[in-house]
Amino acid sequence: MVVTNLNLVSYYLILNSLSMTFLGKRSETLNDARKACLKAIICLEKLVSDKVDAPFSEYEEKVKKISGLSDEARYELLRKVGFTIDCIIDGFGDNTKWQWHWVEIEGRFATVAKNLLNLKTYRVGNDPRSKGYTTRVKHMRLVLVLLQKAADGYRRKYELSTDHRLDDIKMAINYLSAQRRMYNVLGDNINYESLKKKIKIWQARAEADQKLKNLKRA
């Protein structure tokens, strides 16, 4: 289903490209592409879990069920999904009602990218001589970038939205926490501690804003 939906996205994007070329306007198929892309991500969520910041043990059984999927296949699938998302966002342009929708989409993509990694075998196979090592390293690097992008996206949404929804800053913090878990797996204490401090700063900001809101309501 994941690949089927991604193929549908490619088809819809081609139709939109033709519409832009010959009619000078976006096609409704661009929105169909957005929906198909979301369905692909939902399929991945069902496959490996949609947990953002959780111990690997909470979704380990799901990851075990796809043990037959090679490291290379997982990484290439993620690259395809990422490219698809970028193409859809570019298709809609900057001035779109979907501005904050992309934050959610990219966040959910970051989550499944993380959850496709078998963190238990990653620790064991973290040896340059082991099979698939290079691909796993690329996968992990991609995950770290995506988690940071998701955190920044939700933080930006929180800052720019007029109502400063607390849920947005909480999601931003969740993605930072998930990223910190990855650095823990890597044994990277410098980035782990740096994120720990950053999370505290963001939490303090959220608490201060919440107190201010409560005062205004009183």
Q.
Can you pull out every residue in the stretch 109-148 that is among the basic types (Lys, Arg), surrounded by fewer than 19 Cβ atoms within 10 Å (Cβ to Cβ) and at pLDDT 90 or above?
A. 138, 141
Q. Quick check: is even one residue across the stretch 202-217 under 19 Å from residue 109 (Cβ atoms), surrounded by 14 or more Cβ atoms within 10 Å (Cβ to Cβ) and of a type outside the set (Gly, Ala, Ser)?
A. no
Q) What do you reckon, is residue 99 surrounded by fewer than 19 Cβ atoms within 10 Å (Cβ to Cβ), within 16 Å of the chain's Cα centre (by Cα) and at pLDDT below 95? A) yes
Q: Give, as residue ranges, the helices (runs of 4 or more DSSP H) completely inside the stretch 66-165 that count at least 2 residues that are under 22 Å from residue 35 (Cα atoms).
A: 71-92, 99-115, 133-160
**Q.** Tally, over the stretch 10-64, of residues that are under 19 Å from residue 87 (Cβ atoms), in contact with a Ser or Thr (Cβ under 7 Å, 6 or more places away or on another chain) and surrounded by 13 or more Cβ atoms within 10 Å (Cβ to Cβ)
**A.** 7
Q: Sort out which residues of the stretch 125-142 are within 20 Å of residue 54 (Cα to Cα) and free of Cβ contacts under 8 Å to residues at least 24 places away in the same chain, and write them in order of number.
A: 141
Q. Looking only at residues in the stretch 1-51 that are charged (D, E, K, R) and free of Cβ contacts under 8 Å to residues at least 24 places away in the same chain, which one is farthest from residue 63 (Cα to Cα)?
A. 25
Q: Sort out which residues of the stretch 15-47 are farther than 22 Å from residue 101 by Cα and aliphatic (A, V, I, L, M), and write them in order of number.
A: 15, 18, 20, 23, 47
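The values are calculated or read from the model by the stated rules, or taken from the named source; none is laboratory data. For clarity, every value in this text was computed on a predicted model and none was experimentally measured. Quick reminder, even Gly has a Cβ in these numbers, built from the backbone with ideal geometry, and neighbours come from all protein chains shown.
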